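S.K.: This is the structure I want to talk about, given as structure tokens.
The values are calculated or read from the model by the stated rules, or taken from the named source; none is laboratory data. Quantities reported herein were computed from a predicted structural model and do not represent experimental measurements. As a convention, Cβ positions derive from the backbone with ideal geometry for all residues, glycine included, and neighbour counts pool all protein chains shown.
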Amino acid sequence: MFTGIIEALGQLVEKRQQGGDLRLRLATGKMDMSDVKLGDSIATNGVCLTVTGLQDGSFWADVSNETIKHSSLNDLSIGSNVNLEKAMIANGRFGGHIVTGHVDAVAKIGKISKDARSIRLEVETPAECQRYIAHKGSITIDGVSLTVNALTPTGFLLNIVPHTADETIIASYKEGSRVNIEVDVIARYLEQLMQPTTAPSSSKIDTSFLAANGFIK
């Protein structure tokens, strides 16, 4: 489990094709690795990766074909910067929102413009993801917890404040950049719960209940 608050900018230092998938070594920059051990999770551009080796201020991780298919990790080249966040601890501050590190899709950066000191991004998402994205709701872009400013016919708009741009890879985005997105996990579970079932159910949660209690409009 993660929060979407990036701890450090890392860098890809090795990339190996191994046994039909990928093995990556990522330098961890300023991130404190003193409490990291084999088997721990580190979100890398929003993808939950398992630490399989530790080496000189870096860690190794295996990337399965499933992850390659649904994320942009295979786009990385040696020297590429990445957003890093260690898994949250139970007594830590929950600064962002609930982030699982399970990427839903790869989106594309559209128009980039300035808005005073901020950067305004237009993000184009696959059609199947759009129903999970809400105005002023939470969204994760390459592991960064962000708020949706507005919805568009093809995706949504974001406003990136200077601190976020300085501390993440967002400042390096160009029009056409591919980014990992993770929608709010609550939306996914609500949709699953609302699916019709042939089995008898005692649940009183339906669209009328959700509307009456302010969960949907």
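S.K.: In this structure, is T3 in contact (Cβ under 8 Å) with a residue 60 or more places away in the chain, within 30 Å of E128 (Cα to Cα) and not acidic (D, E)? Don't jump to the end; show me each part of the working.
M.R.: Numbers: in contact (Cβ under 8 Å) with a residue 60 or more places away in the chain: yes; within 30 Å of E128 (Cα to Cα): yes; not acidic (D, E): yes.
The answer is yes for T3.
S.K.: Quick check on K86: is it basic (K, R) and surrounded by 16 or more Cβ atoms within 10 Å (Cβ to Cβ)?
M.R.: Working: basic (K, R): yes; surrounded by 16 or more Cβ atoms within 10 Å (Cβ to Cβ): yes.
For K86, the condition - basic (K, R) and surrounded by 16 or more Cβ atoms within 10 Å (Cβ to Cβ) - is met.
S.K.: Quick one: which residue in V63, V36, V103, V99 is β-branched (V, I, T) and over 19 Å from the mean Cα position of the chain (by Cα)?
M.R.: V36
S.K.: Which is in the same structural domain as P153 (by TED's automatic domain parsing) and either touching a residue at least 40 places away in the same chain (Cβ under 8 Å) or on the phi < 0 side of the Ramachandran plot (or both), of R117, R93? Spell out the reasoning first.
M.R.: Values: R93 fails: in the same structural domain as P153 (by TED's automatic domain parsing).
None of the other options fit; the residue is R117.
S.K.: Moving on. Give D32, D62 a once-over and let me know the one that is more than 18 Å from S145 (Cα to Cα), touching a Ser or Thr at 6+ places or on another chain (Cβ under 6 Å) and not assigned by TED's automatic domain parsing to the domain that holds T147.
M.R.: Numbers: D32 fails: touching a Ser or Thr at 6+ places or on another chain (Cβ under 6 Å).
Only one candidate qualifies: D62.
S.K.: Select from the stretch 101-116 the residues that are in contact with a Cys (Cβ under 7 Å, 6 or more places away or on another chain) and either surrounded by fewer than 20 Cβ atoms within 10 Å (Cβ to Cβ) or assigned to a strand (DSSP E or B) (or both) and list them in ascending order.
M.R.: Filtering the stretch 101-116 for residues in contact with a Cys (Cβ under 7 Å, 6 or more places away or on another chain) gives 101-102, 104-105.
Selection gives H102, A105.
S.K.: Same structure again: Restricting the search to the stretch 147-164, which residues are in contact with a helix residue (DSSP H, G or I) (Cβ under 8 Å, 6 or more places away or on another chain) and closer than 19 Å to A43 by Cβ?
M.R.: Passing the criteria: I160, T164.
S.K.: Can you find a residue in the stretch 195-215 that is in contact (Cβ under 8 Å) with a residue 24 or more places away in the chain and surrounded by 15 or more Cβ atoms within 10 Å (Cβ to Cβ)?
M.R.: Within the stretch 195-215, the subset in contact (Cβ under 8 Å) with a residue 24 or more places away in the chain is 215.
Keeping just the survivors that are surrounded by 15 or more Cβ atoms within 10 Å (Cβ to Cβ) gives none.
No, that holds for no residue.
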